[in-house]
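The values are calculated or read from the model by the stated rules, or taken from the named source; none is laboratory data. Here the structure is a predicted model, which is why all the values come from computation and not from measurement. In this analysis, Cβ positions are derived from the backbone assuming ideal geometry, glycine residues included, and neighbour counts consider all displayed protein chains. The accessibility values were calculated without ligands, DNA or RNA, using every heavy atom of the protein model including side chains. Shrake-Rupley method; radii C 1.70, N 1.55, O 1.52, S 1.80 Å.
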Amino acid sequence: MLKIENLHVEIKGREILHGISLEVPDGEVHALLGPNGSGKSTLLMAAMGFSGYAVTKGRVLLDGKDITHIPINERARAGLGIAFQRPPIVKGIKTKHLVAICMNNGKIPGQDTSMRKDVEILAEDMHCRPFLDRELNSGLSGGEMKRSELMQLLAQDPRMVLLDEPESGVDIENIALLGKAINRLLGRNPEPNGKESLKEKRIQRRRSALIITHTGHILNYLFSDRGYVMIDGYIACEGNPRELLGTVEKYGYKECLKCVV
Amino acid sequence: MVITGNTSEKHCPMKAISMIFQMVTSYGRYRAPIRCFLFRPCLYMSEEGSVQQVHNIVVAENGSDLNVLTGCTSGSSSGTHLGNSEFYVKKGATLHFTMIHAWGEEVETLPRTAVIVEEGGTFISDYISMQPGKKIKMYPAAYLKGPGATARFNSVLVGLPGTLVDIGSKVYLQAEGTRAEVISRTVSLGGEIIARGRLVGEVPGVKAHLECKGLLLHPEGKILAIPELEGRAVDLEMTHEAAVGKIDKEEVEYLMARGMSKEDAISAIVRGFLNVEILGLPAKLKQDLDEIVSESNKAS
Ligand SMILES: Nc1ncnc2c1ncn2[C@@H]1O[C@H](COP(=O)(O)OP(=O)(O)OP(=O)(O)O)[C@@H](O)[C@H]1O
Ligand SMILES: [Mg+2]
């Protein structure tokens, strides 16, 4: 699904990522760990194509197609979606309007009442009703911001999602809510319906995610397939995400430093 | 409700009439007028380079509630429009004045306006300049003479290439408990805009706020924000906020990550910035303004 090949990324002329390679196959969830400032968000932002993140070498591929130099909205149309760590406040645009636009494949919808209803139902599910009429991200608490990001992604319905610390600053109850939402986003936890076996359903699932997490709490709600530890712009280690988390918890990231060439 | 219109359309003032008609019909849906009459439906400049002079006197009697809607438009003819307006808001009355300017390329507009608000009266001015013509200069002044009088000026100014917009509002707070709010939103698409504002607090305890915010969308554009506060008494609360900037790339890209095209994202942000929603404009006018915004950002 998403393949990153030897990616070098500069911010304001300083190289932050020094040759990152990883692959998230169809249907898999990968976790990205690493200390503050190691370059995790930079990797997601560069993969999405944000202009402050200059790719100087390497490639980003989505379904085998090189997307390294296409505009952000074309990546979104191709099925890539992102939940931001710190989304910007956009004055004068209401949250509900952007959700409707997400549902409408990025186009400004007409006076479609059924869509308005869908937006409200989704907001209800995501506990976002109270700020649907507020300006985008204006005055949202940490947890509300995360729910709002996921609500927008659910409306957008991407096939490959990049989630930047979806659970940081979120209380326990709301982590459960976010976990459920991410599973919904990825088409996971299907209920038996008598037609297909759950095994068949599992084989059919195609949606993938790359999730940045510090605590791993979100991984209690969805099964992850692989994990990476990023140190100073390098991938120091990869393997079973639970095992990696356990090691980091026990010995800290300083042990990972040894593995950075 | 009073509807007025000025036009410099040379031969046929139809455009102005239809614009005003749209305003009347759609406006009625927002605020049901108690009495609605067409007052001087249009005035037009009959010759190129002519000078149009009008003098308006509007009085809102004690306790009355009056809406005045003025639309000024023209074709491409040249000329000068000089308007003098006097507004008297008597005790407890409310006068809501909405003016929309969409002048032809060569027209110069130099209106002068003064407002006197008596005790407990409210004066509200909503002004939109979509096409400023060659030059428009105005600096209306409101004198809050009676205790508890209020004035609110909202302006939305769009500066197209080759135009000069020099607009502001002055409020003199001269009595106890008076309040004023002056808010302008300007967007330069290549034109020069001077956004002025002046609040004068003459007695203790008055409150007023001034806000000039500008977006520069074109490298040739120019915005000069001049907010002025003058305190002549103790215990005043007068504040101002001024900002001139460009569109935040991060915001545009955030919207693009949700699938919006760059043009749509910019238009949405500009529209949000102009904040025309609060003016409660008729749908047709909002649509016209939207079109100007979308058109112009294709060029930028
Ligand atoms: N806009 C920017 N300007 C300058 N430096 C930046 C900018 N954005 C990120 N950086 C730098 O790039 C490095 C990596 O930052 P990044 O945000 O990717 O870290 P992170 O791993 O996501 O950290 P955290 O866990 O704190 O979110 C840091 O040294 C940071 O200061
Ligand atoms: Mg980060």
- Of the residues B:G190, B:G168, B:G197, which single one is among the small types (G, A, S) and surrounded by fewer than 22 Cβ atoms within 10 Å (Cβ to Cβ)? B:G190
- Query: Could you say whether any residue in the stretch A:54-75 is in contact (Cβ under 8 Å) with a residue 40 or more places away in the chain, within 14 Å of chain B (Cβ to nearest Cβ) and either within 16 Å of ligand 2 (Cβ to nearest atom) or farther than 30 Å from A:G239 by Cα (or both)?
  - Reply: no
- Is there a residue in the stretch B:115-137 that is modelled with pLDDT under 95 and touching a Cys at 6+ places or on another chain (Cβ under 7 Å)? no
- Message: Which condition from (1) away from chain B (no Cβ under 11 Å); (2) surrounded by fewer than 19 Cβ atoms within 10 Å (Cβ to Cβ); (3) in contact (Cβ under 8 Å) with a residue 40 or more places away in the chain is the one that A:M126 breaks?
- Response: (2)
- Scan of the stretch B:221-249 for residues that are crowded, with 17+ Cβ neighbours inside 10 Å and either within 16 Å of B:L274 (Cβ to Cβ) or within 14 Å of another protein chain (Cβ to nearest Cβ) (or both), ordered by number: B:G221, B:I223, B:A225, B:V244, B:I247
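Conditions tested, residue by residue: (1) within 14 Å of chain B (Cβ to nearest Cβ); (2) without any contact (Cβ under 8 Å) to a residue 40 or more places away in the chain; (3) under 15 Å from A:H97 (Cβ atoms); (4) part of a helix (DSSP H, G or I).
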site: A:V119; (1), (2), (3), (4): yes, yes, yes, yes
site: A:S138; (1), (2), (3), (4): yes, no, yes, no
site: A:E149; (1), (2), (3), (4): yes, no, no, yes
site: A:I175; (1), (2), (3), (4): no, no, no, yes
site: A:I182; (1), (2), (3), (4): no, no, no, yes
site: A:N189; (1), (2), (3), (4): no, yes, no, no
site: A:K195; (1), (2), (3), (4): no, yes, no, no
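Given A:I4, A:I20, which one is aliphatic (A, V, I, L, M) and out of contact with any Phe, Trp or Tyr (no Cβ under 8 Å at 6 or more places or on another chain)? Before the answer, list the steps.
Details: A:I20 fails: out of contact with any Phe, Trp or Tyr (no Cβ under 8 Å at 6 or more places or on another chain).
Just a single option satisfies the conditions, and that option is A:I4.
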- Item | Leading residue by the ranking (farthest from the chain's Cα centre (by Cα)) among those in the stretch A:151-173 that are in a helix (DSSP H, G or I) and within 14 Å of chain B (Cβ to nearest Cβ) | A:A155
- Which members of the stretch A:26-54 meet the condition of being more than 10 Å from ligand 1 (Cβ to nearest atom) and farther than 22 Å from A:I70 by Cβ? A:G27, A:E28, A:V29, A:H30, A:A31
- Query: Under the condition of being of a type in the set (G, A, S) and either closer than 16 Å to A:C128 by Cβ or open to solvent by 20 Å² or more (accessible area, probe 1.4 Å) (or both), which residue from the stretch A:160-189 is farthest from ligand 2 (Cβ to nearest atom)?
  - Reply: A:G187
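Filter the stretch A:21-40 for residues that are small (G, A, S) and either away from ligand 2 (no atom under 16 Å from the Cβ) or crowded, with 20+ Cβ neighbours inside 10 Å (or both) and give the result.
Start the filter on the stretch A:21-40 by keeping residues that are small (G, A, S), which leaves A:21, A:27, A:31, A:34, A:37-39.
Scanning the stretch A:21-40 gives A:S21, A:G27, A:A31, A:G34, A:S38, A:G39.
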- Query: Can we say A:I16 is crowded, with 20+ Cβ neighbours inside 10 Å, within 16 Å of ligand 2 (Cβ to nearest atom) and within 29 Å of A:V248 (Cβ to Cβ)?
  - Reply: yes
- Note on the structure: The correct count of residues that are in contact with a strand residue (DSSP E or B) (Cβ under 8 Å, 6 or more places away or on another chain) and open to solvent by less than 80 Å² (accessible area, probe 1.4 Å) in the stretch A:190-233 is 19
- Query: When you go through (1) open to solvent by 20 Å² or more (accessible area, probe 1.4 Å); (2) within 15 Å of ligand 1 (Cβ to nearest atom); (3) assigned to a loop (DSSP other than H, G, I, E, B) one by one for A:K107, which number turns out not to apply?
  - Reply: (2)
- Message: without any contact (Cβ under 8 Å) to a residue 60 or more places away in the chain and within 18 Å of B:M99 (Cβ to Cβ): is that true of B:I194 in this structure?
- Response: no
- Message: Taking the condition of being open to solvent by 30 Å² or more (accessible area, probe 1.4 Å) and either within 26 Å of B:S261 (Cα to Cα) or under 18 Å from the mean Cα position of the chain (by Cα) (or both), how many residues in the stretch A:1-13 meet it?
- Response: 4
- Note on the structure: Looking across the stretch A:89-100 at residues that are facing chain B (nearest Cβ under 7 Å) and over 19 Å from the mean Cα position of the chain (by Cα), the single one that is surrounded by the fewest Cβ atoms within 10 Å (Cβ to Cβ) is A:K91
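For A:G216, are the conditions met, namely being within 16 Å of A:V29 (Cβ to Cβ), away from ligand 2 (no atom under 16 Å from the Cβ) and either among the acidic types (D, E) or under 20 Å from the mean Cα position of the chain (by Cα) (or both)? Explain how you work it out, then say what you get.
Working: within 16 Å of A:V29 (Cβ to Cβ): yes; away from ligand 2 (no atom under 16 Å from the Cβ): no; either among the acidic types (D, E) or under 20 Å from the mean Cα position of the chain (by Cα) (or both): yes.
Taking the combined requirement at face value, the residue does not satisfy it.
Would you be able to tell me the number of residues in the stretch B:95-114 that are β-branched (V, I, T) and touching a residue at least 60 places away in the same chain (Cβ under 8 Å)? So that I can check it myself, show each step before the final result.
Of the residues in the stretch B:95-114, the ones β-branched (V, I, T) are B:98, B:100, B:107, B:109, B:113.
Those left that are additionally touching a residue at least 60 places away in the same chain (Cβ under 8 Å): B:98, B:100, B:107.
Count: 3.
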- Residue pairs qualifying under the 7 Å Cβ cut-off, at least six apart or on distinct chains, with the first in the stretch A:24-47 being in a loop (DSSP other than H, G, I, E, B) and the second being near ligand 2 (Cβ under 9 Å from one of its atoms), are A:G34/A:K40
- The lone exception for A:I70 - which of (1) in a loop (DSSP other than H, G, I, E, B); (2) crowded, with 17+ Cβ neighbours inside 10 Å it fails: (2)
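Just to verify a result, which residue in the stretch A:234-246, among those that are open to solvent by less than 70 Å² (accessible area, probe 1.4 Å) and in contact with a helix residue (DSSP H, G or I) (Cβ under 8 Å, 6 or more places away or on another chain), is nearest to ligand 1 (Cβ to nearest atom)? Write out each step before concluding.
Step one: filter the stretch A:234-246 for residues open to solvent by less than 70 Å² (accessible area, probe 1.4 Å), giving A:235-237, A:239, A:241, A:244-246.
Subset that is in contact with a helix residue (DSSP H, G or I) (Cβ under 8 Å, 6 or more places away or on another chain): A:236-237, A:241, A:245.
Values: A:A236: 13, A:C237: 15, A:P241: 16, A:L245: 15 Å.
Result: A:A236.
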- Message: Residues that are buried (at least 20 other Cβ atoms within 10 Å of the Cβ), on the phi > 0 side of the Ramachandran plot and over 13 Å from the mean Cα position of the chain (by Cα): does the stretch B:130-145 have at least one?
- Response: yes
- Query: A:G216 fails exactly one of the following numbered conditions: (1) within 16 Å of ligand 1 (Cβ to nearest atom); (2) within 14 Å of chain B (Cβ to nearest Cβ). What is the number of that condition?
  - Reply: (2)
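Any idea which of A:R59, A:R86, A:R75 is away from ligand 1 (no atom under 14 Å from the Cβ) and open to solvent by 10 Å² or more (accessible area, probe 1.4 Å)?
Numbers: A:R86 fails: away from ligand 1 (no atom under 14 Å from the Cβ); A:R75 fails: open to solvent by 10 Å² or more (accessible area, probe 1.4 Å).
Sole residue among the options that is away from ligand 1 (no atom under 14 Å from the Cβ) and open to solvent by 10 Å² or more (accessible area, probe 1.4 Å): A:R59.
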